[in-house]
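A quick write-up on the structure given underneath.
Derivation of every value follows stated rules applied to the coordinates shown; laboratory data play no part. Since this is a predicted model, take the numbers as computed values, not measurements. Glycine gets a Cβ as well: all are built from the backbone with ideal geometry, and neighbour counts include every protein chain shown.
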Amino acid sequence: MPVFRWGHHWGEAFHDLEREVDRLLNSVNMTFQGLRFGRQFPPINLYELPEEYLLTSELPGVKIEDLELTIAAGVLTIRCSRTEDGSNDESRYRRQERPRGTWQRSLTIPDRILEEELRADLTNGILRIHLPKAPQEKPRQIPVMGN
Amino acid sequence: MSNELSRPEPAPPAPVPPPPVERMVFTPPIDIFETDGGLILRADLPGVSLETLELQVQNNRLILFGRVPPAVPEEARLLHQEYREGDFLRSFILSENVDHDRITATLTNGVLEIFLPHAPQAQPRRIQVSGP
């Protein structure tokens with residue numbers, strides 16, 4: 001039974017990945033809580049609304065100037081970095097749990113998206129990207145030459 | 001074929017209150033480091049704003065609770081999920097030498113930073129010794 005699914009629109013790019021991850025997830029008993037620190041950073045959720053897709057991600061402490069969103073050839077890339085300000089030397093840390101570093105994630109998006117109208121906002125550490133759906137294209141008649 | 005005996009309609013079931021909505025509660029990751037003036041604690045609380053953050057000190061215990069409002073409209077259909085929305089809760093025991101009255105905190109871009117200043121060293125007090 002399928003466990004891991006990006007959603008049928010995205011299936012094209014991820015068929016093999018889906019099959020492999022399904023095999024993995026079906027063979028392992030995972031509790032979701034335990035994944036919180038072991039998962040990818042930044043984590044991404046994808047939602048669908050009638051007029052658009054909505055992508056959300058948790059990026060606390062990432063400043064807008066350290067966040068780069070690009071879209072090219074139908075691929076959305078999120079690049080961000082978070083370094084510790086205050087530049088403390090490591091020996092003064094009593095506890096260090098927050099992830100730090102540079103991350104990049106890329107997602108293939110369906111071509112039924114209006115790329116010029118992507119909008120994104122970063123508020124309280126939550127990134128939201130609006131991906132408006134392209135209107136259905138009208139079928140185009142193809143003239144046929146006879147002999 | 002006999003007619004069905006008419007039976008009184010069973011009373012409609014009493015309205016059941018909707019089950020309480022489950023909210024996930026997460027333990028936010030924190031960094032703690034020392035500075036000359038005291039300790040600095042930083043916590044990742046994405047989605048929490050000043051209006052939804054609660055910070056309390058009581059009996060040497062620091063409690064932080066951040067409520068996270070939904071990031072997407074209710075009718076949004078979830079296609080792919082790597083994290084769940086939830087609130088944040090974590091508590092800490094403060095050491096003896098933290099000056100409770102001078103604790104300050106800021107919240108920026110979903111990161112809470114709390115400054116826990118060291119209490120100033122008590123001045124030694126001379127004790128007069130009276131003679132016999």
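So the values come out like this:
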read-out: Cα-based shape type of segment B:72-132, given that a ≥ b ≥ c are square roots of the gyration tensor eigenvalues and the cut on a/c is 1.5; value: prolate
read-out: Computed lengthening from A:VAL144 to A:TRP103, 0.36 nm per intervening residue step minus Cα-Cα distance; value: 9.6 nm
read-out: Shielding by partners - mean other protein chain Cβ count within 10 Å, residues of B:39-49; value: 6
read-out: Options B:LEU79, B:LEU64, B:GLY38, ranked by Cα towards positive dipole end of segment B:37-130, top entry (Cβ charges); value: B:GLY38
read-out: Pairwise label distance in nanometres, B:ALA119 with B:GLU34, each label 7 Å out on the Cα-Cβ vector; value: 1.8 nm
read-out: Amide proton proximity set for B:HIS80, modelled H, under 5 Å, gap of 5+; value: A:LEU46
read-out: Under the Debye formula (equal points on every Cα, no solvent term), log10 I(q)/I(0) of chain B at q = 0.09, 0.17 Å⁻¹; value: -0.49, -0.99
read-out: Sequence-separation-based contact order of chain B, relative, with Cα cut under 8 Å and 6+ spacing, percent; value: 26 percent
